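A.B. asks: Take a look at the following structure, please.
Please treat every number below as a calculation from the coordinates, not as lab data. Because the structure is a prediction, the values reported are computed rather than measured. Positions of Cβ are generated from backbone atoms using ideal geometry, with glycine treated the same way; all protein chains shown enter the neighbour counts.
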Amino acid sequence: MSALIKSSLARKVVMALSGLFLVFFLGQHFVINVTSVFAPDTFNTWSHFMGYNPLVQYILQPILIAGVIVHFVMGFVLELQNRAARGVKYVSYKGSANASWISRNMIITGLVVLAFIGLHMYDFWAHEMSYKYIDVKPEDPTRYFEETVHKFEPFWRTIIYIISFVLLALHLLHGFASSFQTMGVNNKYSAAIKLFTKVYAIGIPAGFIFIALYHHFNQIPH
Amino acid sequence: MKLNLKIWRQQDAKSKGKMTDYSLGGVEGDMSFLEMLDILNEQLINKGEEPVVFDHDCREGICGSCSLMINGEPHGPDRMVTTCQLHMRKFNDGDTIVIEPFRAKAFPVIKDLMVDRTSFDRIQQSGGYISVNTSGNTVDANAIPINKHAADEAMDAATCIGCGACVAACKNASAMLFTSAKVSQFALLPQGQVEATERVQNMVRQMDLEGFGNCTNTGACEIECPKGISLENIARLNREYYSANLKG
């Protein structure tokens, strides 16, 4: 067991499992967000539940933040180790001949997604923390829909969100399928799993883009 | 045809190498890449210069000795071939060809294009074998029935010639494809089960000790492998490793 923890395969497992956890969270996040398009009241109810339920706030939220940190730190460690493993660089290296740009540049797409998470936390999470714990304002289960729609009023923020979701899709296109390979899944269901991961990797970020654009073009008066 | 060659020259393991330009005429399309280098070396020797050192042995795609990064790809632009099987008809008159050694911290350059791949030997020695009596009481290989599917997959894995193209192609210089092939060829057979736990643990440990990078599933190794070793072997290695460690 101790050998497993120290091995290169353990680092891969940490990447794969934390990645799968974040992918699962993304799906759950999407399901709640998409209700803001056709059912604002449902969106308010669910958002309020997520914001005030102790299980979500004090257990799931810290686990989620830890998941992001672990995935990022391990990705960065792997990147440094992998660069060092080459030693002297090639004068001519044709990476595009045998591997996709996406698979070779997970660190780039990952860093963009990380920067986006920073902006997203500033936009929504920091606001929530301030509302609840600094300003100590009373609970208002009806405020979430309006606040969310207003966030997408500035064109620049909508564009940044769209670009980030495109890069998230690229990250997931390799990462989601790759995590199954790392966990040793390679059997008769592999083709179906690969197809599912591709549909998910494109579909969920595309859905988020739709939500951002929908609110940008359907603003409600302040 | 006439070619412009840019070749990595390095006096020894400790020296700093550099790319050197050569112009070579009289190259025929039917020549192999190594024969082209032979001609260059003949000319260099005739001029009193030191020939380019490169690895080669069987020259029929079996031994795994020949290496070379050719225009940024291990074993050149062709698929499922080693450098000795690469023909000059794949190139055009006037082409510039960049020739470098396989690059990895675990494959240090010995001289020019020759690299030390004994790190692969050490991975193999750490567990890539089965302990059977081969002196006087040899058991017939066919005494244990093995289903065709498993036998075929084990044979496919066993075709790995340990050339190192997987490491050279991988952006992380990872040796997972090599190690996974060597683990798989035994993991699929009943003869390999006796030492299965120690085998996978020891081979992965040695792979890490040698300083190879971590696999990020780009799939470059599978594309560049001259023997078509599949990524399925890496998934199998992962499964074998997890179950070996979880067993204790």
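A.B. asks: Name all residues of the stretch A:142-158 having a backbone nitrogen under 17 Å from the label point set 7 Å from the Cα of A:F49 along its Cα→Cβ direction, giving them as ranges.
C.D. replies: A:142-145
A.B. asks: Ok, one more. Take every DSSP beta bridge whose two residues both sit in the protein assembly as shown, then give the antiparallel share in percent to the nearest 5.
C.D. replies: So the antiparallel bridges amount to about 75 percent of the total.
A.B. asks: Relative to the compact-globule scaling 2.2 N^0.38 Å, provide the ratio for the alpha-carbon radius of gyration of the stretch A:22-86.
C.D. replies: Dividing the Cα Rg of the stretch A:22-86 by 2.2 N^0.38 Å gives 1.57.
A.B. asks: Follow-up question, since we're still on this one. Compute the acute angle (0 to 90°) between the alpha-carbon long axis of helix A:106-120 and the principal axis of greatest extent of the alpha-carbon atoms of chain A; round to the nearest 10°.
C.D. replies: So the inclination is approximately 20 degrees.
A.B. asks: Using the Karplus equation 6.51 cos²θ - 1.76 cosθ + 1.60 (θ = phi - 60°), what ³J(HN,Hα) coupling, rounded to whole Hz, does each residue of the stretch A:207-214 give in order, writing x for Gly and Pro?
C.D. replies: For the stretch A:207-214, the Karplus-derived couplings read x, 5, 4, 4, 4, 4, 5, 4 Hz, x marking Gly and Pro.
A.B. asks: Which angle between 0 and 90 degrees, to the nearest 10, do you get for helix B:33-46 versus the longest principal axis of chain B when only C-alpha atoms count?
C.D. replies: The angle comes out near 50 degrees.
A.B. asks: A further question on this structure: Once you place label points 7 Å from the Cα toward the Cβ at A:R157 and A:F38, how far apart are they in nm?
C.D. replies: Rounded to a tenth, the inter-label distance reads 2.6 nm.
A.B. asks: Net charge near A:F176: determine it from the other residues with C-beta under 13 Å of the C-beta of A:F176, scoring Lys and Arg +1 and Asp and Glu -1.
C.D. replies: Once all neighbours under 13 Å are counted, the net charge is +2.
A.B. asks: Taking 8 Å as the Cα distance limit and 6 or more residues as the minimum spacing, I'd like the relative contact order of chain A as a percentage.
C.D. replies: 33
A.B. asks: If you keep only loop residues by DSSP, which trypsin sites (Lys or Arg not before Pro) in the stretch A:130-222 have at most 10 other Cβ atoms within 10 Å of their Cβ?
C.D. replies: Sites meeting the loop and neighbour criteria: A:K188.
A.B. asks: Shifting gears a bit: Provide the per-residue ³J(HN,Hα) series for the stretch B:234-247, in order, calculated from phi with Karplus coefficients 6.51, -1.76, 1.60 and θ = phi - 60°, each as a whole number of Hz, with x at glycine and proline positions.
C.D. replies: Result, rounded to whole Hz: 5, 4, 5, 4, 4, 4, 4, 5, 5, 5, 5, 6, 6, 5.
A.B. asks: Mind listing which GluC sites (Glu not before Pro) in the stretch B:17-80 are in a DSSP loop and have 12 or fewer other Cβ atoms within 10 Å?
C.D. replies: Counting only loop positions with at most 12 other Cβ atoms within 10 Å, the GluC sites (Glu not before Pro) in the stretch B:17-80 are B:E28, B:E49, B:E60.
A.B. asks: Divide the volume of the convex hull of the Cα atoms of the protein assembly as shown by its number of residues and quote the answer in cubic angstrom per residue.
C.D. replies: 196
A.B. asks: Calculate, in nm to one decimal, what A:F76 and A:Y189 gain on full extension: separation in residues at 0.36 nm each, minus their alpha carbon distance.
C.D. replies: My answer for the length gained is 37.6 nm.
A.B. asks: Could you tell me the calculated FRET efficiency between B:E195 and B:N41, based on Cβ-Cβ distance and R0 = 51 angstrom, to the nearest 0.05?
C.D. replies: Here the calculated transfer efficiency is 0.70.
A.B. asks: Averaging over all projection directions, find the projected area of the Cα convex hull of chain B and quote it in nm² with one decimal place.
C.D. replies: Seen from a random direction, the Cα hull of chain B projects 15.7 nm² on average.
A.B. asks: Another question, if that's okay. Give me a single rounded figure for A:121-127: the average over its residues of other chain Cβ atoms within 10 Å of their Cβ.
C.D. replies: 0
A.B. asks: For A:M183, B:M207, what ranking results if the residue with the fewest other Cβ atoms within 10 Å of its Cβ goes first?
C.D. replies: Sorted ascending by nearby Cβ count, the order is A:M183, B:M207.
A.B. asks: Scale the Cα Rg of the stretch B:3-111 by the rule-of-thumb value 2.2 N^0.38 Å and send over the ratio, two decimals.
C.D. replies: So the Cα radius of gyration is 1.02 times the expected 2.2 N^0.38 Å.
A.B. asks: Relative contact order for the stretch B:117-247: what percent, with Cα pairs under 8 Å and sequence separation of 6 or more?
C.D. replies: Result for the stretch B:117-247 is 34 percent.
A.B. asks: Continuing with this model, one more query. As an exercise, identify the trypsin sites (Lys or Arg not before Pro) in the stretch B:60-157 lying in DSSP coil whose Cβ has no more than 14 other Cβ atoms within 10 Å.
C.D. replies: Filter output for the stretch B:60-157: B:R79.
A.B. asks: Take the cross-link list B:K47/B:K171; A:K198/B:K6; A:K94/B:K148; A:K12/A:K151; B:K18/B:K47 and give me the ones stretching past 31 Å between alpha-carbons.
C.D. replies: Beyond 31 Å: B:K47/B:K171; A:K198/B:K6; A:K94/B:K148; A:K12/A:K151.
A.B. asks: A further question follows. Return a whole-number percent for the relative contact order of chain B, with Cα pairs under 8 Å and 6 or more residues apart as the contact set.
C.D. replies: 20
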